[in-house]
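The values are calculated or read from the model by the stated rules, or taken from the named source; none is laboratory data. Since the structure is predicted, the reported quantities are computational estimates derived from the model, not experimental observations. Note that each Cβ is placed from the backbone with ideal geometry, even for glycine, and that neighbours are counted across all protein chains shown. Heads up: the accessible areas ignore ligands, DNA and RNA and are worked out on the full protein's heavy atoms, side chains in. Shrake-Rupley method; radii C 1.70, N 1.55, O 1.52, S 1.80 Å.
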Amino acid sequence: LTRAPIVIPVIALQSFLISAVFRGGRILPSRLLRLLAAALLLVGVLAALGWVVGPPLIAVVSSGRFAVHGWMAATIVASAGLVAAMCVTGPALIAARRHLANVVGWSVAAALTLGLLLLPGGVEIRVAAALIVAPAAGLVLHAIALVRGPRTDARGSVAAR
């Protein structure tokens, strides 16, 4: 109810994004940052909505067998939005032939997820941290790579990565 409606359509669109939207690999950094800012603002609104609507919706759907705190519902929605954003920046990097930067972003997100889940402390806090910090870090790495663009060598040729 919270992650799938946000993440699955974006994952399904990845091939389209690579072939049609990001063809040629030219992405204006200012446009990318504006789009990411707008997307993150929308994610914030959806997370706030999840905080309010999530707990009663889960109670209805589960016939009262499960309960979720509003802040956890918001965390799950925000995490889905961050992962969805990575599912857009990843294809942008692939289209720009920045495969290493794409892999690094996803790998850092995966490693942080596992690392944060293994920390001591309450399970809800560890899960919330893993859900938010990991994709946020991956998204930041993707955005930096997209804004920086490919490195060039001394002859002005694009260096292989």
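What to note about this one:
- Test: residue in region 103-116 that is open to solvent by 30 Å² or more (accessible area, probe 1.4 Å) and modelled with pLDDT under 95: no
- Members of region 119-136 that are assigned to a helix (DSSP H, G or I), over 13 Å from HIS69 (Cβ atoms) and among the aliphatic types (A, V, I, L, M): ALA129, ALA130, LEU131, ILE132, VAL133, ALA134, ALA136
- Within region 137-150, the residues that satisfy the criterion of being open to solvent by less than 50 Å² (accessible area, probe 1.4 Å) and assigned to a helix (DSSP H, G or I) are ALA137, GLY138, LEU139, HIS142, ALA143, ALA145, LEU146.
- Residue in region 62-72 that is open to solvent by 20 Å² or more (accessible area, probe 1.4 Å) and at positive phi present: yes
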